[in-house]
Amino acid sequence: MASPSLIPAGDFRSSYAVDTTIFPTKTSRNAAILGVVLICFAPQLLSEYWLSQLIMIGIYGIAALGLNILVGFTGQISIGHAAFFLFGAFTSAYISNNYPIPVFFSIPIAGVVTAIVGLIFGLPAARLKGLYLVIATLAAQYILLDFFSRADWFSGGSVPATAKAFSIFDHTLRGDRQYFYVVLAYVVASYLLVTNLMRSRDGRALVAVRDHYLSAEIMGINLTKYRTLSFGLAAFFAGIAGALYAHNQLVVSNEGFGIERSILFLAMVIIGGTGSIMGTLMGTAFVVLVPEAMEWISMELKGGVIDKALALNNNLTFLREIAIGLIIIAFLVFEPDGLAHRWRQIKTYWKLYPFSH
Amino acid sequence: MNTQFLLQLLVNGLVVGTLYGVVAMSFVLIYKATQVVNFAQGELLLIGAWVCWTLLTKYQVPFWLGMPMTLVFMFAFGILIQVVILRPLVGEPVISVIMVTIALSAVFQAALKWIYGVNPQPFPRVFTSQSVTIGSLQIQTVYVMSLVVSVAMMIGMAWFFKVSKWGLAMRATAFNQQVAQSLGISVKTVFAMAWAISAMVSAVAGVVVAVVNGVSSGLSIYGIKVFPAVILGGLDSIGGAVVGGIIIGLLENFAQFIDSEYLHWGNLYEVAPFYVLIIILMIKPYGLFGTKDIERV
């Protein structure tokens, strides 16, 4: 699974503080800061459409990050992530509509509430192994979606719930161009938070639970506590992402948050690389952009022989699902460490360039 | 209280429950023999039903010929999945294997919608459907047929594992792969056979459901309902799967009765099994008949 980042020869770590810095090298830190600064100009440069895609990558990236804590770091699977995402969306919409709380605060509150719900469903799995957690989260997915479809007071039932636009006290942000910065702030904060978590005692405990839970328990790690904690964290980030999604779309409905969406979140984690924080973002971008690529391909083929034989354009949704499924399988069989691993290999290749072998 | 209605629902529950039992049985077969949790079980059911439907309507094959052809196809298909997709993953972490079957189910689900469309298709009349009256109950003959087929398959499965050479080889492999191998059992072949048989049994269940309700992508819900059944019965117990399936089927219909008579919540029967699932996981995670996993270091 997660392999340590490749450190250039001659870079010796002589103290624990140096070994656990967030960025392994100065260059990587500068590159990350530069990347964030550059992306701040995105709203001025990109078209509305691509900006909305970028916002989606950010929102799903936060949800996928939560799932990666569970799948990549703790070694458990959840196929109910979409339900928690949706729960966060409904909660934030509900809080900001019914209480005099500005959206600025309702997003973190939604995260906390979702985390609590996640913990309730995670409790039976806390004393069980991965397989049983999968099944418990499967049940969570169905139970939560059923709850949304019947709880009219909370989610509007069959009518989609409306959410307010993002506001701090009296100042309201309008449109994607302003909302982009909110998402960006949340993405940067959550990625820093998780990177930081992973170099703390708790983060190492999670990894220990994944790698060998019996040894971990013998070393004094409380299995129940850390399994539940990782489940709560996953739900927390799903809730935050869901809330961000709600205040971006301004309407939230049950539609499209079935088990397929949960599989999509898993796809992001697996394609990006289980146990790789930056990989999660790469995987999310990949999964968000696959439909775009497919649309482009089908437009290119439009009217051609293949198009007529297979009726590509009419069935684009199904083709998308097939493509995502096949990509997951291909990654698991051929590249289990995901894009993050591929990226590291490319980096080493160039670092060592003409003598790469 | 409406006793007539309750009885009718319980009979339905028994019929659906035995079908759940059959699907759960084929799920447990794969889990026991190959340690793979198959999230694509429902899709196997669906593929079987669609293949049979195609043979019967598109190619006008008579049912007595179409059914064996479906079974042969599913046999080959099961082996194909195991060899091409799951064999490279032997020895990988459980998570990867689970993920692959989840992805497989997504692929099959979408591919079938692509090929056959989203609308349900009526299955050609295989039996002349009429209802028999037993006591005060009206029971359709297709239900009786479904019950008979399910029970026959359960008996067949019991015979297979108790007596036949292949069944014994499978049980040996499930018990301990290395010992089985040293006794001359080809574990590879056993894995492939487990998938092949499981696919065949699922296909029979799929065709039975299709005869009763028509074919649609909704059939794959049987693959999801399998989880409450197998968790209730115990993940690695074939008998438990059957019992679990029947209990879940009865419970579902009982929930519908409570719902329509007293609560009026609507579609309670769809989620009731999942509440049961959570409760079982909390109090008795290894189910009624499952072996408790004791780990030694």
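The values are calculated or read from the model by the stated rules, or taken from the named source; none is laboratory data. For clarity, every value in this text was computed on a predicted model and none was experimentally measured. All Cβ positions, even for glycine, are placed from backbone atoms using ideal geometry, and neighbour counts span all protein chains on display. Please note that ligands, DNA and RNA were not included when accessible areas were found on the heavy atoms of the full protein model with its side chains. Shrake-Rupley method; radii C 1.70, N 1.55, O 1.52, S 1.80 Å.
Taking region B:184-200 as the search range and keeping residues that are among the β-branched types (Val, Ile, Thr) and over 13 Å from the mean Cα position of the chain (by Cα), which one is most open to solvent (accessible area, probe 1.4 Å)? Can you show your working first?
Of region B:184-200, the ones among the β-branched types (Val, Ile, Thr) are B:185, B:187, B:189-190, B:197.
Narrowing the set further to residues that are over 13 Å from the mean Cα position of the chain (by Cα) leaves B:185, B:187, B:189-190.
On the way: B:185: 35, B:187: 16, B:189: 59, B:190: 0 Å².
Among them, the one singled out is B:189.
Just one of (1) within 25 Å of residue A:122 (Cα to Cα); (2) in a helix (DSSP H, G or I); (3) polar (S, T, N, Q) fails for residue A:254. It is (2).
So for region A:189-203 (the condition being over 24 Å from residue A:16 (Cβ atoms), open to solvent by less than 40 Å² (accessible area, probe 1.4 Å) and in contact (Cβ under 8 Å) with a residue 24 or more places away in the chain), does at least one residue qualify? Checking region A:189-203: at least one residue is over 24 Å from residue A:16 (Cβ atoms), open to solvent by less than 40 Å² (accessible area, probe 1.4 Å) and in contact (Cβ under 8 Å) with a residue 24 or more places away in the chain. Filtered by the rule that a residue be more than 9 Å from chain A (Cβ to nearest Cβ) and in a helix (DSSP H, G or I), region B:89-111 gives a lone residue, B:101.
Selection of first residues in region A:268-284 that are at negative phi and in a helix (DSSP H, G or I) and of second residues that are polar (S, T, N, Q) and buried (at least 24 other Cβ atoms within 10 Å of the Cβ), restricted to Cβ pairs under 6 Å at least 6 apart or on distinct chains, gives the following pairs, ordered by first then second residue: A:268/A:284; A:269/A:68; A:272/A:280; A:280/A:68. So, residue A:210, is that one among the charged types (D, E, K, R), touching a helix residue (DSSP H, G or I) at 6+ places or on another chain (Cβ under 8 Å), assigned to a helix (DSSP H, G or I) and under 19 Å from residue A:53 (Cβ atoms) or not? Judged against the criteria, residue A:210 is not a match.
Listed here are the residues, each with its yes/no results for (1) more than 30 Å from residue B:95 (Cβ to Cβ); (2) away from every other protein chain (no Cβ under 14 Å); (3) at pLDDT 85 or above.
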site	(1), (2), (3)
A:140	no, no, yes
A:144	no, no, yes
A:147	no, no, yes
A:165	yes, yes, no
A:169	yes, yes, no
A:173	yes, yes, no
A:190	no, yes, yes
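The set of residues from region B:2-49 being farther than 21 Å from residue B:242 by Cβ, in contact with a strand residue (DSSP E or B) (Cβ under 9 Å, 6 or more places away or on another chain) and surrounded by fewer than 22 Cβ atoms within 10 Å (Cβ to Cβ) comprises B:4, B:7, B:8. For region B:202-228, which residues satisfy the criterion of being hydrophobic (A, V, I, L, M, F, W, C), in a helix (DSSP H, G or I) and more than 11 Å from chain A (Cβ to nearest Cβ)? Listed by number, the residues that qualify are B:203, B:204, B:205, B:207, B:208, B:209, B:210, B:211, B:212, B:219. Sub-7 Å Cβ pairs linking a first residue in region B:270-291 that is at the interface with chain A (Cβ under 7 Å from one of its Cβ atoms) to a second residue that is open to solvent by 20 Å² or more (accessible area, probe 1.4 Å), at least 6 apart or interchain, are B:271/A:142; B:274/A:142; B:281/A:132; B:285/A:132, ordered by first then second residue. Test residue A:164 against the stated conditions and say whether it is among the basic types (Lys, Arg), over 30 Å from residue A:33 (Cα atoms) and part of a loop (DSSP other than H, G, I, E, B). Considered against the rule, which asks whether it is among the basic types (Lys, Arg), over 30 Å from residue A:33 (Cα atoms) and part of a loop (DSSP other than H, G, I, E, B), residue A:164 comes out as yes. Among the residues of this structure, residue A:97 does not count as one that is more than 9 Å from chain B (Cβ to nearest Cβ), farther than 16 Å from residue A:246 by Cα and either in a helix (DSSP H, G or I) or open to solvent by 20 Å² or more (accessible area, probe 1.4 Å) (or both).
Quick test for you: out of B:134, B:139, pick the one residue that is among the hydrophobic types (A, V, I, L, M, F, W, C), buried (at least 17 other Cβ atoms within 10 Å of the Cβ) and at pLDDT below 85. Please lay out each step first, then the result.
Values: B:134 fails: buried (at least 17 other Cβ atoms within 10 Å of the Cβ).
Of B:134, B:139, the one residue that is among the hydrophobic types (A, V, I, L, M, F, W, C), buried (at least 17 other Cβ atoms within 10 Å of the Cβ) and at pLDDT below 85 is B:139.
Contact map, region A:214-229: first residue over 15 Å from residue A:119 (Cβ atoms) and within 13 Å of chain B (Cβ to nearest Cβ), second residue open to solvent by 70 Å² or more (accessible area, probe 1.4 Å) and of a type in the set (Asp, Glu), Cβ cut-off under 8 Å, separation 6 or more or different chains; pairs are A:214/B:295; A:223/A:217. Scanning region B:235-269 for residues that are free of Cβ contacts under 8 Å to residues at least 12 places away in the same chain, within 19 Å of residue A:145 (Cβ to Cβ) and not hydrophobic (A, V, I, L, M, F, W, C) gives B:259, B:266, B:267.
So, in region B:52-86, how many residues would count as being more than 10 Å from chain A (Cβ to nearest Cβ) and within 30 Å of residue A:132 (Cβ to Cβ)? Walk me through how you get there before you give the answer.
The first filter runs over region B:52-86 and keeps only residues more than 10 Å from chain A (Cβ to nearest Cβ), leaving B:52-83.
If we keep only those that are within 30 Å of residue A:132 (Cβ to Cβ) as well, we get B:74, B:77-83.
The total comes to 8.
Pairs meeting the criteria (first residue in region A:10-37 and of a type in the set (S, T, N, Q), second residue surrounded by fewer than 10 Cβ atoms within 10 Å (Cβ to Cβ), beta carbons under 9 Å, at least 6 apart or on different chains) are A:25/A:11. The lone criterion from (1) open to solvent by 10 Å² or more (accessible area, probe 1.4 Å); (2) more than 14 Å from chain B (Cβ to nearest Cβ) left unmet by residue A:73 is number (2).
Residues checked against (1) assigned to a helix (DSSP H, G or I); (2) within 14 Å of chain B (Cβ to nearest Cβ); (3) modelled with pLDDT of 85 or more; (4) closer than 25 Å to residue B:283 by Cβ:
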site	(1), (2), (3), (4)
A:58	yes, no, yes, no
A:82	yes, yes, yes, no
A:86	yes, no, yes, no
A:112	yes, no, yes, no
A:128	no, yes, no, yes
A:132	yes, yes, no, yes
